[in-house]
Each structure stands twice: as C-alpha cells, then as structure tokens.
Amino acid sequence: MLGHRAFVKSPLAKQAIETWNDRKNVPYWQIHTSNLDTGSIEGGLRVGMVIDFEPIASIGGQGYYLEDMFLISEAGPELLTPCVPYTAEEIEAAMKHDQ
C-alpha cells in the first residue's frame, strides 16, 4: 500500500495509507462464519466452513471494512473472494466496467 502514496490526492486517502500501514491503527480484526448461522466461530475450524476475515479501521472518523471469505477445505483454506478490488486503480476500473 505504501507504493500508492504517489497516486493519492486527497488528505483522507493519504491518512488512510498511513493508518493502514501501522498495525496498531487497525485494532479490530473480526473473524466470523458466513452461512445460515452467521456469527462467531465456536471451537476449531472444520472442513466445509466458510469464514470471513475482516480487518476494521477508522480513518478520519469513518469506518472501513475489508472482508475476505475463505472456504476451509481438506487441502487448507481456499480464498473465495480473489477478484475483489483493493487498490484505487482496481476499484476505479471495476466501477468503469459497471457503467
């Protein structure tokens, strides 16, 4: 994310980059199940579970949530959201595509 500094223009975007790059500024990491009984994970991870990993940050008084979903399989975790855009360039490209 530090490589994006040269491309950001707004003060909020600059603050976001600085904030997300210091782990102490992202104090909330939520992991929860994603199924008919959405909630906290009880016990260990089991094959067939779908879990959401969600770091949460507050930047400039606004809350930001990034969420990835994983299927727990026999071979290990499988990322179910590989094409979700993260960078400003990826988000802008995805938004242009939808217009």
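The values are calculated or read from the model by the stated rules, or taken from the named source; none is laboratory data. From a predicted model like this one, the values you see are computed outputs, not experimental measurements. Note: ideal-geometry Cβ built from the backbone for every residue, glycine included; neighbour counts use all protein chains shown. Only protein heavy atoms, including side chains, enter the accessible area calculation; ligands, DNA and RNA are left aside. Shrake-Rupley method; radii C 1.70, N 1.55, O 1.52, S 1.80 Å.
With a 1.4 Å probe and every protein chain left in place, work out the accessible area per residue of region 37-97 in Å², rounded to a whole number. Each step should come with its number before you reach the end.
Details: 4180 Å² over 61 residues.
I get 69 Å² per residue for region 37-97.
Using Cα positions and a limit of under 22 Å, work out the lysines in reach of residue 96, with same-chain residues fewer than 8 apart set aside.
Output for residue 96: 9.
Can you figure out the FRET efficiency of residue 71 with residue 19, using R₀ = 35 Å and their beta-carbon distance, to the nearest 0.05?
Working: r = 30 Å, r/R0 = 0.86.
Efficiency for this residue pair is about 0.70.
In terms of the Cα gyration tensor, with a ≥ b ≥ c the square roots of its eigenvalues, is region 55-99 rounded because a/c is under 1.5, prolate because a/b exceeds b/c, or oblate?
Details: a/c = 3.72, a/b = 1.35, b/c = 2.75.
Cα axes put region 55-99 in the oblate bin.
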